[in-house]
Structures are given as C-alpha cells and as structure tokens.
Amino acid sequence: MSNEGSPKTARRITRLSAVNNENVVESSKTCNFKPLTINDLVYGNQTMSLDELISSFPGRRAQIIELISLLGPLNSAMFPIFVYGGSSTGKTSIILNIFRHLRRPFVYSSCITCYSPRLLFESILNQLMLHRKSESNGYSSAKRCEKPSDFVNSLREALSTVIGNLNGNVEKAGSKKAAGQQPKGKVVYLIFDNLDLVRGWDKSSNILPLLFNLHDVLRMTEVGLIFISNSSPDMYYADTGFIEPFPVYFPDYSEDDLRQILMKNQVNTNLYSSFLDVVLRPFCRITRRADELSTALLPLFKKYCEPLGDLGAIPNEEMKRKLFGHLQKHIAPSLNDTFRVSSELTSGGLLSKDNNKRKGTTKKLGANESSDEIEFYISTSAKYLLISAFLASRNPATLDASLFDSTGGLDNRKRKRKSSGKSLEQKETAEQELLMKGPGTFPLERLVAIFQCLTSVAEYSPDEEGQENSGGIGESGNSGLMSGVLLQLSSLCNSNFITKGGSCPLEGSTRYRSNIPEDMALKVARSLKFPLSKYLYRR
C-alpha cells in the first residue's frame, strides 16, 4: 500500500508519454507570448542598407528606387501605390524589405489567408490594435467586423490610437539603441497583397471600391495605402471618382536576372554556372518564374553532377562536354514535366492521376491516341476564350451575325435571303482575300461578344435553345466564366497563344491575333465537346 503513495516513481515512462509531456511543456511555453507593442509594426529586427536591398533583388533596381521615391521623405503624405506584375516577380518581398530598410510601421494583410471581407477587416484591426489571438481570449478578434461601415469607423479609431503612440515615441526617442528598434515616423502604411483574389469574392463589387476609396474616406495624411496585385490596374478601375493609385510595374525577370537569382547560395559557382549554360535558356522559354525554375532545376542538377566524384571540382571544357552528354537525354522530359506541373498548380490540383498516367503513355502509343488530348492544362474559361480568339482570327467579321445567332452555327436557314450574283461574288472575293492573308486581327469587343455566344451555347443543350426562353441565355450561366475573361486573356497573351498588337488608328482600340493552328483548336474543342467546325467559315 505504501507504493500507491508514490505513483510517480513506480510509473513506467513510455515513448508516448514522454512525447506528450514534451508537448505540454512546449505548449505552455508557446502560450506565454509577450504582449505586442508598437515596435511590432516594424518588419525585422535588423536594418538593411540600400545597397544590400538592391543587391538582394537582381534586376529590380529601378522598381526599388521608384517605390522609395513614391513613399517620400519621413512623415510625408503620399498617394496610394498600385504594385502589379506576374507571379514570382518579387513584388511582396521587395515591398517588405523596403520597409525593413526604412524602418517605418505598416500593417500587412494577404487576401490568400484573409479570404473573406470579415477576415480581411479583422486582420487589419487586430494588427493596429496590437491584438494577438490566443487561448486566453478564445482565439477571437479584437472586434468582430463584417460591415464596411463598421470597418471604416473602427479603422479610423485604431489608426488615431496608433498615430498618437507613434507621436509619443518620436518625442521620447532617447538612446540610439532604442531608436533603432522603434519605428521611424508617424505615418502608418496599409498593405493589401493579392488584391486580384478579391474579385472572386461574393461582395467584390462593394469591397474593391471601398479599398480604393479609403484614401478619400479616411482623409488622414498619416495613412498610406499600397496595393499588390498580379493583374494590371485596368482590371479594377471604374468610373467611381476615387483617386487612381500610382502604378508600379514589375516585369518578368530576364535570363540574366534569373541567372543571378539562381546562382545565389551555391557552393560551387563554377559548376552551377556551367549547368545553367546548358539548361537555363530552354527553360526560360517555358517559364520565367524563379520559384518554378529552382524547383525544376534541382533534380536536373543532381543528374548533372552524377558523373562527378568531387562536387567541389571546377569543370574544364572536356568535363563540361561529358556532363552535357550525360544530362542531354533528361532535358526534354523535364521540360514537359515543368510545363505540366505549373499548370496543375494553377488549377488547384484538378487533374487526376489517371490523366497524368495517360499523358505519360501517349508518346508510347503513337499519334492516333495523343491527337485527342491536349499536352497542357488550361481552365475551361481559357479554352472558350482560345476558341473565340481562333474564330475571330479566321472568320470574317461580316459573318458574325449569321454564325453566332440565337440558334448558333450555320444551320439557321430562316434568315437566309436571296442576294444578287454580283454581291455574292464581291463578298466571296473579300472573304477569300481575308483567308489568304492568314489569321486576322480583332478588337477586344468582338472577342468578348464571340466568347459570350459560345459560352451561352455551351451552357444549354440544342433542345433547350429551341424553346421560347432562348433569348435569355447567358446571363446567369455565363457570369462565372465572364468574371475572369480579361485575366485569362492576359495569361494567353503571356503564353503566346494570342498576340497583342498595336491599336487601330481608326478605332483607337487594341487589336489581338490568334497564334494557334487549326489542329490545336480542334483539340481544345474536343476537350470541351464543342462543335468548332459548325462555327468555322470555309469557302
């Protein structure tokens, strides 16, 4: 019975109980967070000089200098800034490191993690009110905010409190060490990242104007606004009367810039430079995203180094030829995998394993089976847009009314009227000249009109289209596809499926041209089960 009084010494310590005890100790340690202060609104504990900032981001010197000039001197008022460019072009990293260099206070919110208006509002307010979600407060926010009006009122109060604290810090700045840790100035910056995702929210028509109008609504000179997006400003601006932000464009990295980025943190720079001489140029034709290139080149570099016994050796010309011969057979399959993987990631993993297996076996089975499958993945909206651009380039614009009517195609015989022989000859001659010139150009309005017709036809069966409600097709079913048509068009232009040309001197609008051949357009149409030949004009 005496042994029962000391259970701790008699208890056997198992592997599971030891892990549980460690987790309890770690959780107790992690729960004891220090309260947030005004100094937590500064990014990083160590400062960064301007030379270090520019050298950390190759090819971005012009953008860094422009952003610093737009932010202006300390405590100066600024207009909103709109930073845009493709994915993995360094927008967010450069913005954060600029504030690390300037040591100015800011609040950062990403629309990836804040995927609803309430989460976005509460994230901004929590940071301004120095509130951290924890077990003690039930992981709740400082204020529950769902309405835009409540957010504006709470935001004005929180900003006034933070600005007052910053003014007190400026007056109390004593030692150099304390001044280096404290934020500089009394201007607070609000950074909204991944703004293009807001366009997919349910209440995006109200949230976007609210964010762009914050500068006019708050009327506080101590507040700066910075928007970061993958889409251009033309995708957002409307005639609502707000001040348009200053645009700062981040272009894709050049081949030399990508070489400098990939060469960073390499142990044997000579060896890796010889490797990039072989693989970088063909991979840059597929993607110029630094994250995708680093992921794709990692297994290839291991293959490249297999013949070497010493990874620290400096290769000579003979060794470079030997290593290239060993790597050459792996480059082409890796190029195909890189293109396929990048498209799968953008689609959210919609491709199944069976499709991947079929894509891997099409090369062995021959051209008959692979002719019906697309060698890459694009979204449904992009497929319809690609077909629309193909038809706009191949068909004369004078035939749009007869091709894309309410019943679709050339089967509508009720509208046919007898024409004179001379008018028919002139029409055929003009259309034949257009076909001989190759793919023609078209304005954006014509592309959108064809896109609406095709998607409305695809949403309903031909039997339903013959009913009385055929005139209302496309308003409800087509809204989902039309939400990102301009974004899809930009992606297709970047992929060289569609060429963006100059503006017409008479119309003043930008014109486009489809670059895909007819066999590729037929593959895309088969994947959608769309009757492309029904809408394609042939003499």
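Assorted remarks:
- Ile331 in a loop (DSSP other than H, G, I, E, B) and either among the aliphatic types (A, V, I, L, M) or exposed (fewer than 12 other Cβ atoms within 10 Å of the Cβ) (or both): no
- Members of segment 160-202 found to be in a helix (DSSP H, G or I), at pLDDT 80 or above and open to solvent by 20 Å² or more (accessible area, probe 1.4 Å), listed by number: Ser160, Thr161, Gly164, Asn165, Asn167, Asp196, Leu197, Arg199, Gly200
This table checks each residue for (1) closer than 23 Å to Ile243 by Cα; (2) in contact (Cβ under 8 Å) with a residue 60 or more places away in the chain.
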position: Pro73; (1), (2): yes, no
position: Phe82; (1), (2): yes, yes
position: Gly85; (1), (2): yes, yes
position: Leu102; (1), (2): no, yes
position: Val107; (1), (2): yes, yes
position: Tyr115; (1), (2): no, yes
position: Leu119; (1), (2): no, no
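- Restricting segment 34-85 to residues that are over 21 Å from Asp257 (Cα atoms), polar (S, T, N, Q) and part of a helix (DSSP H, G or I) leaves a set whose member that is least open to solvent (accessible area, probe 1.4 Å) is Asn39.
Rundown of residues vs (1) open to solvent by 40 Å² or more (accessible area, probe 1.4 Å); (2) farther than 26 Å from Ser495 by Cβ; (3) modelled with pLDDT under 75, yes/no style:
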residue: Asn368; (1), (2), (3): yes, yes, yes
residue: Asn395; (1), (2), (3): no, no, no
residue: Gly421; (1), (2), (3): yes, yes, yes
residue: Glu431; (1), (2), (3): no, yes, yes
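- Residue pairs meeting the criteria (Cβ under 8 Å; at least 6 apart or on separate chains; first closer than 15 Å to Tyr272 by Cβ, in segment 303-322; second aromatic (Phe, Trp, Tyr)): Tyr304/Phe275
The values are calculated or read from the model by the stated rules, or taken from the named source; none is laboratory data. Quick caveat, the model's predicted, so the values are computed rather than measured. Backbone-built Cβ (ideal geometry, glycine too); neighbour counts: all protein chains shown. Accessible surface areas use protein heavy atoms only, side chains included; no ligands, DNA or RNA. Shrake-Rupley method; radii C 1.70, N 1.55, O 1.52, S 1.80 Å.
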